[in-house]
Amino acid sequence: MASQQPSEACCNVPPIVAEDYAYKGQYIVVDGMRTYTTGPANAKRALLIVYDIFGFFPQTLQGADILAFSDSEHPYQVFMPDFFEGQPADISWYPPDNDDKGKKLGAFFKGPAAPPKTVERIPKVVKLLQDKDPHIESWGIVGYCWGGKIVNLSLQEGTPFKAGAAVHPAMVDPKDAPGITVPVAMLPSKDEDKEAVEQWQKGLKVENLVEWFPDQVHGFMAARGDLKKENVRKEYQRGYKVLLDFFHNNLPPFL
């Protein structure tokens, strides 16, 4: 199917805080994991966020708050579990520009960040949250970098999600695309493999949106975003507007 064009009438992203962000939510425990939650408790739509390998960073928490509150017609309850259980990767390992960094990242991806370990846990997390709050009517999922791979694998047949978005995703594999069963968005940066993304989109059988950010680095909407730089801040804001418009248009209930 053809890509969707984001609505221009949906949402207003607030000014971006470059330093010392004061998050709006709180932490709860879900399936034994510390989980950041934000958004109105009576919202009927919910988003599960899968962070990048660096875990809870101010830029990622700010993004969760933006998603929760910026669509006045459709606020969201947002949940971000600590899938690494307090042991994320060290951001100094990236980029892996020497052997030591490469070895540390490689070991991390084979251990805590091995995608199947997280993918198999996600349905249980959603069920626990749904049981706790039965008035939630639909779920979406957002993943950053490594979390983008988790999104692709979590939108296959039997998914609990009605829509999903992969933001500057790692490990883009066109083979994941044909099995995706719900509307999906991808927001690649300049560091993603253009051919892989194009082949992934060609393989989709669902409504989709691919929006490029060609002058931004991998991770700019999450832990690696240097929001003190004007252009990064501007594109970070644009990226969240794209996500909000996408979920506004694709995640029921609709007005």
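Alpha carbon centre of segment 17-63 versus segment 86-150: separation in Å? Measuring centre to centre over Cα atoms gives 14 Å. Under the combined filter of DSSP loop state and at most 11 neighbouring Cβ atoms within 10 Å, segment 175-209 retains these trypsin sites (Lys or Arg not before Pro): 205.
For residue 34, the residues whose amide H sits under 5 Å from its own are 82, ignoring neighbours fewer than 5 places away on the same chain, with H placed 1.01 Å from N. Between residue 107 and residue 42, the FRET efficiency estimated from the beta carbon spacing at R0 = 51 angstrom works out to 0.75. Applying a 4.7 Å cutoff between beta carbons, the unpaired cysteines of the chain are 145. Rg over Rh for the chain works out to 0.93, both radii taken from alpha-carbon positions and Rh defined as the Kirkwood radius.
Values quoted throughout were computed directly from the atomic coordinates according to the rules given, and no laboratory measurement underlies them. Everything numeric in this text was worked out from a predicted model, so none of it was measured. In this analysis, Cβ positions are derived from the backbone assuming ideal geometry, glycine residues included, and neighbour counts consider all displayed protein chains.
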